[in-house]
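These notes concern the structure reproduced below.
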Amino acid sequence: MMDIHLEKHYKNFKIKIEYSCRDIGITALLGRSGAGKTSIINMIAGLSRPEKGHIIIKNRSVYDTSKNINIVPEKRRFGYIFQEGRLFPHLSVVSNLTYGMRLIPPESRYIKMDQVIDLLDLSRLLDRRPAKLSGGEKQRVAIGRALLTSPYLLLMDEPLASLDEARKQEVLPFIRRLSTQFSIPVLYVSHSIEEIVRIADKILVITNGRLTASGKTREIMGLDNFQEMTGAVSLKTLYGEF
Amino acid sequence: MDFLTLTPFETEALLLSLKVSLWAVFVSLVPGIVAAWILARKKFYGKAFFDSLIHLPLVLPPVVTGYFLLVLLGKKGVVGGFIFKLTGISFAFNWKGAAIASAVMAFPLFVRAVRLSLEAVDVGLEAAARTLGASKIRIFFTITLPLILPGILTGMILAFARSLSEFGATITFVSNIPGETRTLPLALYTMTQVPDGETSAMRLCIISVVTAFFALTASDFLSQRLSKMVKGD
């Protein structure tokens with residue numbers, strides 16, 4: 001379950017979003033650059049603070065201005081995978097992976113180290129430093145690091161943007177698999193239609209800080225004004241009627 | 001006299017210089033890192049004033065700084081008197097005072113180096129650490145501090161070198177007492193004031209140059225190693 005209401009003013013921009021759904025699955029946030037997707041994700045993570053609103057994920061309220069609730073980001077347990085990976089350069093891959101894991105009590109870890117290493121194929125990278133990793137490897141480590149905190153929610157901000165096509169093909173199935181295997185809800189920011197078609201169950205279309213459409217992936221993509229709203233080529237244009 | 005053997009007078013000045021400079025760097029460490037962190041990360045009313053205050057010893061005549069220290073930290077000084085009553089520690093006319101004078105003079109250089117390296121740390125890494133469950137204090141010690149170690153080392157070396165060459169504030173604050181406050185520059189000054197002191201003065205010059213050169217080379221080497229270690233290249 002997810003129920004969010006976010007309002008925040010920026011210099012010449014305003015975010016005002018209200019959305020709730022029973023099942024998150026993999027929900028994609030789609031929109032043109034500067035539409036406010038990353039700002040929304042940052043507010044959910046607790047890295048920036050909405051002026052008004054609430055954030056309820058899996059019946060747990062992490063932010064509510066009317067009840068004066070504001071859980072600090074380190075207590076929210078939302079895994080966040082950033083566009084640039086943000087691995088700690090002074091730590092080895094294995095220390096990066098366990099950085100967050102070691103901070104939660106063992107009994108509440110529902111994702112195990114071996115599982116993650118297997119799933120993301122990390123066994124050969126463990127002793128290396130981030131500087132010695134390729135873009136795809138870095139991103140896999142970043143995903144593993146967030147997963148190992150056994151998060152209630154995964155936030156992904158264009159996690160594949162820095163990867164080439166071959167690597168994308170390699171990482172996309174991982175994301176799909178981990179959301180089903182560990183049943184973690186995922187909020188996925190992207191402006192690549194291809195990625196979204198492949199992994200998202202639902203789409204939220206964000207335009208100028210507002211939610212302009214939401215629904216199942218296929219429904220949204222079939223909308224007449226899809227291209228106009230998102231700046232992405234619609235499936236209709238790509239494949240004709242379906 | 002063997003040219004390479006140091007006279008007791010020279011040894012005393014050299015060892016005292018090293019002791020005073022090491023202590024000056026040591027006492028600057030924590031306040032320097034805190035000040036650098038405040039300047040790099042915090043926005044507050046009066047920040048420009050705080051910034052100027054820290055950099056003041058860089059532009060004031062050292063004698064002025066020394067005189068302020070004498071007024072403030074002397075046994076009857078506002079702060080010095082209080083510290084003496086409380087702990088029995090006095091800074092007047094002893095090597096501790098010399099270390100304080102050096103520390104104050106070198107402080108802006110240290111703060112500057114640390115601040116620059118703090119500003120170079122990607123705050124995105126700290127945000128990432130927060131989403132992984134680390135508190136701000138933990139992040140400082142596990143992410144920020146290791147990443148700025150090369151900057152801290154650079155600052156320490158700059159401060160050490162500055163302390164070795166400290167003269168004006170020291171002689172004003174704690175005078176020129178053999179074995180207590182007569183560091184290399186003060187010993188050199190003494191030698192230029194006595195008849196037939198030229199040879200001794202020249203020897204002290206050479207000792208100063210060698211010491212400073214050695215400190216800088218060693219530190220450069222260390223700082224490169226450390227920087228490589230941190231970045232993991």
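Kindly list, by first and then second residue, each pair from a residue in the stretch A:188-204 that is within 22 Å of A:Ser39 (Cβ to Cβ) to a residue that is part of a strand (DSSP E or B) and among the acidic types (Asp, Glu), limited to pairs with Cβ atoms under 8 Å and residues at least 6 apart or on different chains.
Short answer, once both residue conditions are applied: A:Val189/A:Asp157.
Could you list, in sequence order, the residues of the stretch B:133-148 that are within 7 Å of chain A (Cβ to nearest Cβ) and either more than 20 Å from A:Ile81 (Cα to Cα) or in contact with a strand residue (DSSP E or B) (Cβ under 8 Å, 6 or more places away or on another chain) (or both)?
B:Pro146, B:Leu147
Within the stretch A:143-152, is there a residue that is surrounded by fewer than 17 Cβ atoms within 10 Å (Cβ to Cβ), of a type outside the set (D, E, K, R), away from every other protein chain (no Cβ under 14 Å) and not in a strand (DSSP E or B)?
So far as the stretch A:143-152 goes, no, none of its residues is surrounded by fewer than 17 Cβ atoms within 10 Å (Cβ to Cβ), of a type outside the set (D, E, K, R), away from every other protein chain (no Cβ under 14 Å) and not in a strand (DSSP E or B).
Here are some residues: B:Thr190, B:Thr217, B:Thr199. Which one is crowded, with 17+ Cβ neighbours inside 10 Å and among the polar types (S, T, N, Q)?
Of the residues listed, the single one that is crowded, with 17+ Cβ neighbours inside 10 Å and among the polar types (S, T, N, Q) is B:Thr190.
Just one of the numbered conditions (1) surrounded by fewer than 21 Cβ atoms within 10 Å (Cβ to Cβ); (2) closer than 22 Å to A:Ser162 by Cα is not true of A:Phe88; which one?
For A:Phe88, the failing item is (1).
Are there any pairs, at least 6 apart or on different chains, whose C-beta atoms fall under 9 Å, with the first in the stretch A:63-88 and without any contact (Cβ under 8 Å) to a residue 40 or more places away in the chain and the second of a type in the set (D, E, K, R) and assigned to a loop (DSSP other than H, G, I, E, B), and if so, which?
From the stretch A:63-88, the pairs are A:Tyr63/A:Arg49; A:Thr65/A:Glu51; A:Asn70/A:Arg49.
Identify, by number, the condition in (1) closer than 23 Å to B:Leu125 by Cα; (2) under 22 Å from the mean Cα position of the chain (by Cα) that A:Leu126 doesn't meet.
A:Leu126 satisfies every listed condition except (2).
Which residue is farthest from A:Met2 (Cα to Cα), if the candidates are limited to the stretch A:67-77 and must be within 14 Å of chain B (Cβ to nearest Cβ) and not hydrophobic (A, V, I, L, M, F, W, C)?
The initial filter retains those residues of the stretch A:67-77 that are within 14 Å of chain B (Cβ to nearest Cβ), namely A:70-77.
Imposing the further condition that a residue be not hydrophobic (A, V, I, L, M, F, W, C) reduces the set to A:70, A:73-77.
On the way: A:Asn70: 17, A:Pro73: 17, A:Glu74: 20, A:Lys75: 18, A:Arg76: 14, A:Arg77: 15 Å.
This residue is A:Glu74.
Cβ-Cβ under 7 Å, sequence separation 6+ or interchain: first residue in the stretch B:68-81 and under 13 Å from B:Thr172 (Cα atoms), partner surrounded by 15 or more Cβ atoms within 10 Å (Cβ to Cβ) and aliphatic (A, V, I, L, M). Which pairs?
Pairs found: B:Leu69/B:Ile100; B:Leu69/B:Ala101; B:Leu69/B:Val104; B:Leu69/B:Ala169; B:Leu73/B:Ile100; B:Gly74/B:Ala92.
Just a yes or no: is a residue in the stretch A:68-77 β-branched (Val, Ile, Thr) and not in a strand (DSSP E or B)?
Scanning the stretch A:68-77 turns up at least one residue that is β-branched (Val, Ile, Thr) and not in a strand (DSSP E or B).
In a helix (DSSP H, G or I), of a type in the set (Phe, Trp, Tyr) and more than 30 Å from A:Ile41 (Cα to Cα) - does that describe any residue in the stretch B:73-90?
Yes, because at least one residue in the stretch B:73-90 is in a helix (DSSP H, G or I), of a type in the set (Phe, Trp, Tyr) and more than 30 Å from A:Ile41 (Cα to Cα).
Name every residue in the stretch A:78-136 that is more than 30 Å from A:Lys58 (Cβ to Cβ), within 12 Å of another protein chain (Cβ to nearest Cβ) and in a loop (DSSP other than H, G, I, E, B), in order of residue number.
A:Pro89, A:His90, A:Leu91, A:Ser92, A:Asp127, A:Arg128, A:Arg129, A:Leu133
All but one of (1) more than 9 Å from chain B (Cβ to nearest Cβ); (2) buried (at least 18 other Cβ atoms within 10 Å of the Cβ); (3) not acidic (Asp, Glu) hold for A:Tyr19; state the number of the condition that does not hold.
All conditions are met except number (2).
Among B:Ile137, B:Ile152, which is crowded, with 16+ Cβ neighbours inside 10 Å and in a helix (DSSP H, G or I)? I'd like the intermediate steps shown before the answer.
Numbers: B:Ile137 fails: crowded, with 16+ Cβ neighbours inside 10 Å.
The match here is B:Ile152.
Just to be sure I understand, how many residues within the stretch A:32-66 are on the phi > 0 side of the Ramachandran plot, in a loop (DSSP other than H, G, I, E, B), away from every other protein chain (no Cβ under 14 Å) and buried (at least 19 other Cβ atoms within 10 Å of the Cβ)?
Residues flagged as on the phi > 0 side of the Ramachandran plot, in a loop (DSSP other than H, G, I, E, B), away from every other protein chain (no Cβ under 14 Å) and buried (at least 19 other Cβ atoms within 10 Å of the Cβ) within the stretch A:32-66 amount to 1.
Which condition from (1) closer than 19 Å to B:Phe160 by Cα; (2) part of a loop (DSSP other than H, G, I, E, B) is the one that B:Leu29 breaks?
Of everything listed in (1) closer than 19 Å to B:Phe160 by Cα; (2) part of a loop (DSSP other than H, G, I, E, B), B:Leu29 misses just condition (2).
Checking B:Lys75 against (1) among the basic types (Lys, Arg); (2) within 30 Å of A:Met101 (Cβ to Cβ); (3) in contact with a Ser or Thr (Cβ under 6 Å, 6 or more places away or on another chain): exactly one of these is not met. Which one?
(2)
Test of understanding: among B:Val30, B:Val79, B:Val34, which residue is surrounded by fewer than 15 Cβ atoms within 10 Å (Cβ to Cβ) and modelled with pLDDT under 95?
On the way: B:Val30 fails: modelled with pLDDT under 95; B:Val34 fails: modelled with pLDDT under 95.
Result of the check over B:Val30, B:Val79, B:Val34: B:Val79.
Have a look at A:Ile175, A:Ile206, A:Ile184 and point out the one that is touching a strand residue (DSSP E or B) at 6+ places or on another chain (Cβ under 9 Å), aliphatic (A, V, I, L, M) and in a strand (DSSP E or B).
A:Ile206
For the stretch B:91-125, name all the residues that are assigned to a helix (DSSP H, G or I) and within 14 Å of chain A (Cβ to nearest Cβ).
Residues satisfying the conditions are B:Ser117, B:Ala120, B:Val123, B:Gly124, B:Leu125.
The values are calculated or read from the model by the stated rules, or taken from the named source; none is laboratory data. Model, not experiment: these values are computed from the prediction. No Cβ is skipped: glycine too gets one built from the backbone with ideal geometry, and neighbour counts run over all protein chains shown.
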